[in-house]
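Notes to accompany the following structure.
The values are calculated or read from the model by the stated rules, or taken from the named source; none is laboratory data. Just so you know, these numbers come straight off a predicted model, no measurement behind them. Cβ coordinates were reconstructed from backbone atoms using ideal geometry, including for glycine residues, and neighbour counts include every protein chain displayed.
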Amino acid sequence: MKLRKSVLIIVLAVSTLVLLTTITQAHTPSALDLQYDFATKTLDVTVTHDVADPSSHYIEEINIWVDDVLNQTRQYSSQSSNNQHQDSFTVPTVIGDVIKVQAICNIAGSVTDDIVVVDPSIPEYGIIAPIIFFLIAGSLLGWIMHKKHTKKD
């Protein structure tokens, strides 16, 4: 009976060590880089995921939502390289849509990020630059007018 308990304890200890070793070797995906081309409706996804063997530890699935509605899911059986996984998707959108992407590891963890679809014809500074310009120009004009009126007096 004592022999059975000893064998059981040893088996449990070895199983625990194997499980812990597997978990510590499983790196979760750490980042997403999302690039969207509005003209071609193409979403380029790069997942940062460092692995030793991309055929046994890899990004297993990428899910894409547009405005909280599942748009598409793609399954994988390996990863592009040892440090990242890349893929491109056709994602029809309109300006203002939110594209959310989730990449799931086949062993442990996932990473999620999102981007907002913007009008590519409007520079990133958008409406702020003209507002600042008119505020500065208006202030300068007001100062000049004030100086002219104070010289006459």
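Of the residues in region 119-126, not one is touching a residue at least 12 places away in the same chain (Cβ under 8 Å) and in a strand (DSSP E or B).
Every condition in (1) modelled with pLDDT of 95 or more; (2) under 19 Å from T46 (Cα atoms); (3) out of contact with any strand residue (DSSP E or B) (no Cβ under 7 Å at 6 or more places or on another chain) holds for V69 except the one numbered (2).
Please verify whether S110 is assigned by TED's automatic domain parsing to the domain that holds Y36 and touching a residue at least 60 places away in the same chain (Cβ under 8 Å), treating the condition exactly as stated. It is true that S110 is assigned by TED's automatic domain parsing to the domain that holds Y36 and touching a residue at least 60 places away in the same chain (Cβ under 8 Å). Whether a residue is aliphatic (A, V, I, L, M), loosely packed, with under 11 Cβ neighbours inside 10 Å and modelled with pLDDT under 90 was assessed, and A13 passes this test. The condition of being modelled with pLDDT of 95 or more, hydrophobic (A, V, I, L, M, F, W, C) and out of contact with any Lys or Arg (no Cβ under 9 Å at 6 or more places or on another chain) holds for only one of V91, V51, V98, that being V98.
From the set of residues in region 26-47 that are of a type in the set (S, T, N, Q) and in contact (Cβ under 8 Å) with a residue 60 or more places away in the chain, which is nearest to C105 (Cα to Cα)? Of everything passing the filter in region 26-47, T28 is nearest to C105 (Cα to Cα). Please verify whether Q25 is of a type outside the set (K, R) and modelled with pLDDT under 95, treating the condition exactly as stated. So Q25 fits the description; yes.
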